Amino acid sequence: MEGRTLAARLRRLPRRAVLGREVPVARGFRARLFGLAFLDRDSVRGGLLIERCAGVHTFGMRFSLDLVFLDEEGAVIEIHRRVGRRRVVACRGAAAVLEVPTRD
């Protein structure tokens, strides 16, 4: 991870520790709408947390995602691995989702 530059739009976001990693938190309409779309894998590092969210889309993604749905206490409810582009994924009862680039 050293030497990789975090995408500019992610650097401006607040950060939070989730499941042992510190990630940007999508706050505001644009950050929530775009998520990690249109970014390169190397510029997103550990992912993005979207709070108050039970579903995401992968339109505009340049890489696949692992989606970790969390409950109100931050416990994992469901994990969807290797979610490809142009998909919609939801999890009933989720309070947040952690978007993480799939490792190849």
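Values in this text are rule-based calculations from the coordinates and carry no lab data. All figures in this text were calculated on a predicted structure; none of them were measured in a lab. Using ideal geometry, Cβ is built from the backbone for each residue, glycine included, and neighbour counts are taken over all protein chains shown.
Remarks
- For THR102, the residues whose amide H sits under 5 Å from its own are SER64, LEU65, ASP66, ignoring neighbours fewer than 5 places away on the same chain, with H placed 1.01 Å from N.
- Summed residue charge, Cβ within 13 Å of THR102's Cβ, Lys/Arg positive, Asp/Glu negative: +4
- Secondary-structure-derived ellipticity at 222 nm for the chain, considering helices only, amounts to -2000 deg cm²/dmol, per-run term -39500 (n - 2.57) for DSSP H runs with n ≥ 4.
- Multiplying the residue separation of GLU72 and THR5 by 0.36 nm and subtracting their alpha-carbon distance yields 21.0 nm.
- The range 61-104-the range 18-32 distance, computed between alpha-carbon centres (Å): 13
- Magnitude of the charge dipole, the range 14-60, Cβ model with Lys/Arg +1 and Asp/Glu -1, debye to 20: 180
- A Cβ-based charge dipole, computed about the Cα centre of the chain with Lys and Arg at +1 and Asp and Glu at -1, lands at about 480 debye.
- Couplings for the range 5-12, taken from phi via the Karplus curve 6.51 cos²θ - 1.76 cosθ + 1.60 with θ = phi - 60°, read 8, 6, 3, 3, 5, 7, 4, 7 Hz in order; Gly and Pro are left as x.
- GluC sites (Glu not before Pro) within the range 12-104, DSSP loop, no more than 14 other Cβ atoms inside 10 Å: GLU72, GLU73
- Zone residues, the range 68-104, relative to ARG41, backbone N less than 14 Å from point 7 Å out along Cα-to-Cβ: 82-85, 100-104
- The relative contact order of the chain, computed from alpha carbon pairs under 8 Å that lie at least 6 residues apart in sequence, is 26 percent.
- For the chain, the Kirkwood estimate of hydrodynamic radius, built from reciprocal distances between every pair of different alpha carbons, is 13.5 Å.
- For CYS53, the amide hydrogen comes within under 5 Å of the amide hydrogens of ALA96, VAL97, counting only partners 5 or more places away or on other chains and with H modelled in the peptide plane.
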